Amino acid sequence: MITRWRVGAIALAAVAAVAAGLVYWKFYNEGRLNIAGAPRGADPRCEKVLKKLPRTLMGEERRATTNPGTAAWGDKGQVQLRCGLPPAPPSPNQCVRISGADWVLDEQQSGRGTWQAVSYGTDPAVQVLFRGTDTSGSAWVEVSEALGPLKRTGNQCTDLGDVPLPSSAN
């Protein structure tokens, strides 16, 4: 038979467990930036990419983040990276090759003072976000060089001149 004392003790233990969990979560996440994770952020290849990323980027120190497959630099995450996205499909957006890695630029974002790009031809894909209008070419190089562990899909940037046009038949 369960007495009131036992019910009270069980309820008190449950409350204490929840409180301990909240304290642990707050302590663990203290100082970490909450960067949205990608569906495959825990992919081992993403972990290898993260290990190759620099400690300092554009003069900003790397920060701890809350989700696997993510990285950030700067107090407010002025530069953010998410690994683990599905491979990027072909796009009419501008595609650039930087230090052996292809990137598709999100032109809508760049008009709002943010440079955003997704790696093209990698599995999984990586998204990088630079907040502000000035991005450093060396930062793109450093991030691009970290993509080495990713599987290549065979897709790569092409120039309009690379696309065969149909011949006109008279």
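The values are calculated or read from the model by the stated rules, or taken from the named source; none is laboratory data. Here the structure is a predicted model, which is why all the values come from computation and not from measurement. Methodologically, a virtual Cβ is constructed for each residue, glycine included, from the backbone with ideal geometry; neighbour enumeration extends over all protein chains shown. What goes into the accessible areas is simple: the full protein's heavy atoms, side chains included, and nothing from ligands, DNA or RNA. Shrake-Rupley method; radii C 1.70, N 1.55, O 1.52, S 1.80 Å.
Look at the range 35-55 and say how many of its residues are open to solvent by less than 50 Å² (accessible area, probe 1.4 Å) and of a type in the set (Asp, Glu). Working first, answer last.
Of the residues in the range 35-55, the ones open to solvent by less than 50 Å² (accessible area, probe 1.4 Å) are 35, 37-38, 41, 43, 46, 49-50, 53-54.
Subsequent filtering for residues that are of a type in the set (Asp, Glu) retains 43.
Summing the residues that are open to solvent by less than 50 Å² (accessible area, probe 1.4 Å) and of a type in the set (Asp, Glu) in the range 35-55 gives 1.
All of (1) open to solvent by 10 Å² or more (accessible area, probe 1.4 Å); (2) more than 26 Å from Cys157 (Cβ to Cβ); (3) aliphatic (A, V, I, L, M) hold for Met58 with one exception: (2). Restricted to the range 85-130, and to residues there that are surrounded by 17 or more Cβ atoms within 10 Å (Cβ to Cβ) and of a type in the set (D, E, K, R), the residue that is nearest to Arg40 (Cα to Cα) is Asp123.
Scanning the range 65-84 for residues that are over 13 Å from the mean Cα position of the chain (by Cα) and surrounded by fewer than 16 Cβ atoms within 10 Å (Cβ to Cβ) returns Asp75, Lys76.
Among the residues examined, Gly84 qualifies as small (Gly, Ala, Ser), in contact with a helix residue (DSSP H, G or I) (Cβ under 6 Å, 6 or more places away or on another chain) and more than 15 Å from Gly148 (Cβ to Cβ).
Condition (residue is closer than 23 Å to Gly37 by Cβ and in a loop (DSSP other than H, G, I, E, B)) applied to the range 117-136: is it met by at least one residue?
yes
Sub-6 Å Cβ pairs linking a first residue in the range 96-108 that is in a loop (DSSP other than H, G, I, E, B) to a second residue that is of a type outside the set (Phe, Trp, Tyr), at least 6 apart or interchain, are Ser99/Val141; Ser99/Ser144; Ser99/Glu145; Asp106/Gln116, ordered by first then second residue.
May I ask you to list the residues in the range 76-95 that are part of a strand (DSSP E or B) and of a type in the set (A, V, I, L, M)? Working first, answer last.
Initial filter on the range 76-95 (part of a strand (DSSP E or B)): 79-85, 95.
Across the range 76-95, the qualifying residues are Val79, Leu81, Leu85.
Would you tally the residues in the range 137-167 being assigned to a loop (DSSP other than H, G, I, E, B) and either open to solvent by less than 60 Å² (accessible area, probe 1.4 Å) or modelled with pLDDT under 90 (or both)? Can you show your working first?
Restricting attention to the range 137-167, the residues satisfying the condition of being assigned to a loop (DSSP other than H, G, I, E, B) are 146-150, 153-159, 163-167.
Cutting the leftovers down to either open to solvent by less than 60 Å² (accessible area, probe 1.4 Å) or modelled with pLDDT under 90 (or both) gives us 146-150, 157-159, 163-167.
Of the residues in that region, 13 qualify.
Among the criteria (1) at pLDDT below 95; (2) assigned to a helix (DSSP H, G or I); (3) open to solvent by less than 30 Å² (accessible area, probe 1.4 Å), the one Tyr24 does not fulfil is (3).
Among the conditions (1) modelled with pLDDT of 95 or more; (2) in contact with a Gly (Cβ under 8 Å, 6 or more places away or on another chain), the only one that Glu60 does not satisfy is (1).
Taking Ala71, is it aliphatic (A, V, I, L, M) and either assigned to a loop (DSSP other than H, G, I, E, B) or at pLDDT below 95 (or both)? It would help to see each step written out before you state the result.
Numbers: aliphatic (A, V, I, L, M): yes; either assigned to a loop (DSSP other than H, G, I, E, B) or at pLDDT below 95 (or both): no.
Taking the combined requirement at face value, the residue does not satisfy it.
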